[in-house]
Amino acid sequence: MPKKIITHKMIEAFRAAVTQGGISAGADALGMSQPSMSRLMTELQHLVGFPLFMKHGRTVKPTDEALALMTKVHESFLGLEEITRFSEQLRKQRLGRLSISTIPSIGHSIMPEAVEHLRSKYPDVVISLTISSYLEVASSVRNRDADIGFTADKLSIGDLETVAEFSADCVCIGTSRWLPSKAAFVAPKDLLGKPFVGMTGAFQRHIDALMSTTGQQLDVMVETSLFQTASELVLRGMGLAIVDALTGARHRLRGGIALPLRPTIRYTVYATAMADTRLSKPARELLQYLGAATGKAKTHTSHE
């Protein structure tokens with residue numbers, strides 16, 4: 001017959017009886033019946049070989065031996081609390097930190113909102129957000145300074161791989177001074193004869209190719225390298241601009257108009273990580289959030 005041993009349940013009941021001032025009070029504290037509590041105390045007393053409680057009138061008090069045993073029990077529970085604290089630290093370290101490197105079109109449009117979402121869902125996670133150029137994003141991910149990177153070009157080279165793509169049609173943004181808010185869409189001919197905020201770099205070439213169908217050129221009075229800056233300039237009355245759908249969504253929220261562009265210019269954002277990286281829960285949540293936001297931005301037919 002196997003030898004009986006002292007169980008954690010017995011020690012927990014004993015501790016409750018001593019700290020609560022009696023077996024009945026200890027049972028109430030643990031949410032168990034008094035007979036169950038008494039049975040545990042009887043078994044523990046039999047195993048230790050000395051009385052644990054003595055009657056004093058109508059009350060029950062712990063014996064001197066029980067009080068001495070309680071010091072060891074206290075040390076045991078301190079150890080359990082330390083294990084609990086250590087486990088919590090390990091959990092936090094595992095979720096730990098999420099480092100994001102992104103080009104400005106994402107960093108200045110949806111990313112602040114996405115970070116706010118992550119902070120509410122993972123309050124123990126430290127989030128680092130760096131807004132950089134395409135080459136700097138690639139370098140950060142490759143050097144493992146960033147867990148995940150976002151660019152407008154694929155970085156699936158070497159040890160880098162694309163883990164998600166977010167595509168949506170670009171939109172034309174303006175204010176009521178230059179855009180009819182009730183229009184269904186904006187065509188290249190609708191941009192002629194109006195001041196235009198142009199984009200420096202490769203994106204402007206897409207706009208120029210779109211305008212080539214009219215045989216005329218845009219009246220570009222201001223140029224900028226950032227979609228967010230283009231939105232700000234447009235809101236200040238500088239004319240019209242063509243930006244990605246996510247920037248267009250924020251433009252609407254700030255009181256501007258964003259209308260579909262026909263024919264379209266497609267803008268795709270690529271999420272990149274090291275091929276051997278297992279994305280954390282916060283990183284996967286970020287990808288889901290950006291996917292939902294991109295889907296929502298596709299539905300724009302906005303008004304001021």
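The values are calculated or read from the model by the stated rules, or taken from the named source; none is laboratory data. None of the values given here were measured: they were computed from a predicted structure. Every residue, glycine among them, receives a Cβ derived from its backbone with ideal geometry; neighbour counts consider all protein chains shown. Side chains included, ligands, DNA and RNA excluded: accessible areas come from the protein's heavy atoms. Shrake-Rupley method; radii C 1.70, N 1.55, O 1.52, S 1.80 Å.
List of remarks:
Conditions tested, residue by residue: (1) open to solvent by less than 10 Å² (accessible area, probe 1.4 Å); (2) assigned to a helix (DSSP H, G or I); (3) not aliphatic (A, V, I, L, M).
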| site | (1), (2), (3) |
| --- | --- |
| T229 | no, yes, yes |
| G248 | yes, yes, yes |
| G255 | no, no, yes |
| A258 | yes, no, no |
| Y267 | no, no, yes |
| R278 | no, no, yes |
| L286 | yes, yes, no |
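- Condition met for A183 (in contact with a Lys or Arg (Cβ under 7 Å, 6 or more places away or on another chain), touching a residue at least 60 places away in the same chain (Cβ under 8 Å) and not in a helix (DSSP H, G or I)): no
- Options A249, A230; residue that is within 19 Å of R205 (Cα to Cα) and among the small types (G, A, S): A230
- When the residues of the stretch 120-178 are filtered to those that are aromatic (F, W, Y) and more than 18 Å from T272 (Cα to Cα), the one that is nearest to the chain's Cα centre (by Cα) is Y122.
- Search result, residues across the stretch 13-25 that are modelled with pLDDT of 85 or more and out of contact with any Gly (no Cβ under 9 Å at 6 or more places or on another chain): S24, A25
For (1) open to solvent by 60 Å² or more (accessible area, probe 1.4 Å); (2) within 34 Å of the chain's Cα centre (by Cα), each residue gets a yes or a no:
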| residue | (1), (2) |
| --- | --- |
| L218 | no, no |
| S225 | yes, yes |
| E232 | no, yes |
| L235 | no, yes |
| D244 | no, yes |
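- If the condition is being of a type in the set (S, T, N, Q), under 21 Å from T59 (Cα atoms) and open to solvent by less than 60 Å² (accessible area, probe 1.4 Å), then the stretch 1-35 contributes S24, S33.
- You will find that of D276, D244, the residue that is in contact with a Cys (Cβ under 7 Å, 6 or more places away or on another chain) and either closer than 30 Å to V141 by Cβ or among the hydrophobic types (A, V, I, L, M, F, W, C) (or both) is D244 and no other.
For every residue, the table says whether it meets (1) under 20 Å from E285 (Cα atoms); (2) out of contact with any helix residue (DSSP H, G or I) (no Cβ under 8 Å at 6 or more places or on another chain); (3) modelled with pLDDT under 80.
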residue: S36; (1), (2), (3): no, no, no
residue: L40; (1), (2), (3): no, no, no
residue: E43; (1), (2), (3): no, no, no
residue: G49; (1), (2), (3): no, yes, no
residue: M54; (1), (2), (3): no, yes, no
residue: D64; (1), (2), (3): no, yes, no
residue: T84; (1), (2), (3): no, yes, yes
residue: L95; (1), (2), (3): yes, no, yes
residue: I106; (1), (2), (3): yes, no, no
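- Residue selected from the stretch 144-177 under the condition open to solvent by 40 Å² or more (accessible area, probe 1.4 Å), touching a helix residue (DSSP H, G or I) at 6+ places or on another chain (Cβ under 9 Å) and at pLDDT below 90, by the criterion nearest to V243 (Cα to Cα): D153
- With respect to (1) at pLDDT below 65; (2) of a type in the set (A, V, I, L, M, F, W, C); (3) open to solvent by less than 40 Å² (accessible area, probe 1.4 Å), the lone exception for L80 is condition (3).
- Conditions (1) open to solvent by 20 Å² or more (accessible area, probe 1.4 Å); (2) touching a residue at least 40 places away in the same chain (Cβ under 8 Å); (3) within 13 Å of P195 (Cα to Cα); (4) within 34 Å of the chain's Cα centre (by Cα): number failed by L240: (1)
- Matching residues in the stretch 1-39 - criterion: being of a type in the set (D, E, K, R) and closer than 20 Å to L69 by Cα: K4, K9, E12, R15, R39
- Long-range neighbours under 6 Å by Cβ, at least six apart or interchain, first residue free of Cβ contacts under 8 Å to residues at least 60 places away in the same chain within the stretch 134-154, second assigned to a helix (DSSP H, G or I): A146/S140
- Residue that is basic (K, R), open to solvent by 20 Å² or more (accessible area, probe 1.4 Å) and out of contact with any Gly (no Cβ under 7 Å at 6 or more places or on another chain), where the choices are K194, K182: K182
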